[in-house]
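Step one of this worksheet: look at the structure below.
The values are calculated or read from the model by the stated rules, or taken from the named source; none is laboratory data. Here the structure is a predicted model, which is why all the values come from computation and not from measurement. All Cβ positions, even for glycine, are placed from backbone atoms using ideal geometry, and neighbour counts span all protein chains on display. Accessible surface is based on the protein model in full, side chains and every heavy atom, while ligands, DNA and RNA are left aside. Shrake-Rupley method; radii C 1.70, N 1.55, O 1.52, S 1.80 Å.
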Amino acid sequence: LLSSGNRYLIRTDDMVETVYNDKGEIIKTKERRLFMLNDVLMCATVNIRSSYESSGTVTTGQRYLLKWSVPLGQVEVIEYGSGNGQGENCRFPSQHSAENVIINSKPNKLYMGPGQLYLDLQNLLHDLNVVGQISQLIGSLKGNYQNLNQSVAHDWTSGLQKLILKKEDEIRAADRCRIQLQLPGKQDKSGRPTFFTAVFNTFTPAIKQSWINNLQMAKLALAEDNLLGWFCVEDDGNQIKKEKHPLLVRHMPVMMAKQQEFKIECAAYNPEPYLSGETESDSCAMEHGFLWIGSCTNQMGQIAIVSFQSSSPKVIECFNVESRILCMVYIPEEEKLKEQNKALDSENVLAKSSNVPTICLGMEEGSISIYKSCQGSKKIRLQHFFTPEKSTVMSLTYMYQYLFAGLVNGNISIYTKAEDGMWNTEPQKIVKLGVLPVRSLLVMEETIWAACGGQIFIISTVTHSIESHFEAHQEEGMVISHMAVAGVGIWIAFTSGSTLRLFHTETLKHLQDINIATPVHNMLPGQQRVSVTSLLVCHGLLLVGTNLGIIVALPVPRLQGIPKVTGEGMVSYHAHNGPVKFLVTATSINKKNRNKLRNSLPPGSEPKDDDQKNALHSERPGSSLSNSHDTAVWLGGSVGSIAQKSDLSSSSGSLTLSHGSSSLEHRPEDSNIYELLKDQNISFKSKRQKSKKMKASSVLVISGGQGHRRVNKKTKQQRQDELVSSVMVWQIPLLNI
């Protein structure tokens, strides 16, 4: 099984497998080790054996008893609490819903679901409905009774609603470390496929998240689009290993209506996550934000906003603007303004409206537009003002309280913020660089790097004066189009030619030249002219978009040193039908951060320390319905009722809740496993797994252009929908996970 030369190990993890009965009780737990290979998932039991040598030393070794191995592409993660599994909350939807798995397994013998906690929740919801009916009946009473009125009924309802919220939190907490898998079994007698389920518990929620992310990345690599996704130079010893190739997640048009006359021009990414009120699965706890995409005709522009929240990125807003959009920049919410606005009166709408993330657009007509960019905003323009002499805006960047606009006349306009958080419409200062357009602006520590013609000017963000400048190319007529910084190096591309140049950001010394036409011509027949149309350095890769619609990926060091290209790199078989107009990194925000977790917990249930938050405290989840018969739940306690907590009789205006169902007497299903996971004597729990903070396993990169094509396939007559503004979404595996 392991002898295949194309097979490699992705990760290995120690977990606890749990088996449940039909009542949600744990039948047994077993220590397992899971081996995730690129195309196989294996489960084994670890046997540690000691041997004594003649010298008196004791050596220990590990032997494995293989329990099962299954094709990785057929492994499905089942998330309960949602009728559609994890499809709504992850980029990789499951093919089987939770209900299907229950049917395929044997419910009379083994029930692998969350069990008791969900049963408690169902009973609470039932009781809330019953109390609602009782409340309606009380409202129809003719008499006036001190201990039987609408106020008392309201207390009952409020109490049950609090219990439901608490139970939902317990379910979320229980699911944070549980991985439930649907696995392919042997065919039945009629030849139909069968499935079995297995439930594992990780030692921290972060390990669960990381494991599932790795699984989905490995499955994505097995998809047809990625089996032959990149062309590599075979005899290059330093070429990027196949397991580190960017993976195509999907390609999609980004127009509400497929209007061929609009051509993609630029984009800006807002990492703010969309915060829905729905229960979300922990398996995809890294949330992505929104991509603003600008497209243009000859006279006007159009904005499309793409959300990356669910399994299918989708356009959520599309609107036209009065001029062509040439550049964009995302401006985050200011912390100082955030604190100030907390103290402002709620009627001060203007100040509050400026205290939000925004997207700034640079227009060909010589104007700058500021749009609100946050949850629920629909085409809200906060500001619109013109540059001096209505000079076309070629580039934008932002730093601290300043907005820098590179203009077509060779100037940079610097704008400041007013006290209310809005931008002053007149520039505080204009910096004259030359006569050619300022095509690129880049923030680097305490300076702004500006490209004007073939020169780069370094401008202080404090004095706003030019500190130094240098020529990026000796040949006359070479105009800088793009810049990308990594570590202490900056890569520079030009409007003509296929050469990239690397300079040291401190010494300004020229370090390396790379001709991207070489790998492109190795793949494409003929000698087509190649030029650079977009540039991005991202997690060990220098990504170059070309005029041919092809993306070139060159390996560079990931450490903060000099980002010299260390190999021939590779060329993508997935391409656009025109120039790659932008390459954008979609960073992610962990939705399970401490503040949101604290806010989501009901009063009195906040975790006390990090160990409790991560390992799910050893105290059993307080199942209020799992108590014995003589313990009832108190509902009520508001000022409106005369209920006294010392008296639990029904005449006191309170409702005592006590169920006689035998299923409710079982202890919570997860209490045993919590205690087991907290046991420091588990044989295989290594130090590296104790509260290890796992990093994200991948990062999204989005490319923009017209349509999508496969370079290695014979092209038919292109349909109109293949030429509309489109994006390709890539996922790049990260090293050292």
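Here are some notes:
- Only one of Pro603, Pro563 that is open to solvent by less than 10 Å² (accessible area, probe 1.4 Å) and either modelled with pLDDT under 90 or among the small types (Gly, Ala, Ser) (or both): Pro563
- Looking across the range 179-208, the residues that are within 20 Å of the chain's Cα centre (by Cα) and either part of a strand (DSSP E or B) or of a type in the set (Ser, Thr, Tyr) (or both) come down to Ile179, Thr204.
- The condition of being touching a Leu at 6+ places or on another chain (Cβ under 8 Å) and of a type outside the set (Gly, Ala, Ser) does not hold for Lys208.
- Counted residues, the range 486-516 - those being more than 15 Å from Phe457 (Cα to Cα) and open to solvent by 10 Å² or more (accessible area, probe 1.4 Å): 15
- Some residue of the range 145-160 being more than 43 Å from the chain's Cα centre (by Cα), in a helix (DSSP H, G or I), surrounded by 15 or more Cβ atoms within 10 Å (Cβ to Cβ) and hydrophobic (A, V, I, L, M, F, W, C): yes
- Taken together, the criteria exclude Ser97 from residues that are over 27 Å from Asp188 (Cα atoms) and either open to solvent by less than 20 Å² (accessible area, probe 1.4 Å) or modelled with pLDDT under 70 (or both).
- Meets criteria (closer than 27 Å to Val315 by Cβ and at pLDDT 90 or above) for Thr397: yes
- Of the strands (runs of 3 or more DSSP E) entirely within the range 383-481, those holding at least 1 residues that are buried (at least 22 other Cβ atoms within 10 Å of the Cβ) occupy 393-399, 402-407, 411-416, 438-444, 447-452, 455-460.
- Extreme residue, farthest from Ser534 (Cα to Cα), among residues of the range 487-506 that are in a loop (DSSP other than H, G, I, E, B) and not small (Gly, Ala, Ser): Glu506
- Any hit, the range 535-555, residues being assigned to a loop (DSSP other than H, G, I, E, B), over 24 Å from the mean Cα position of the chain (by Cα) and either free of Cβ contacts under 8 Å to residues at least 24 places away in the same chain or farther than 30 Å from Glu261 by Cβ (or both): no
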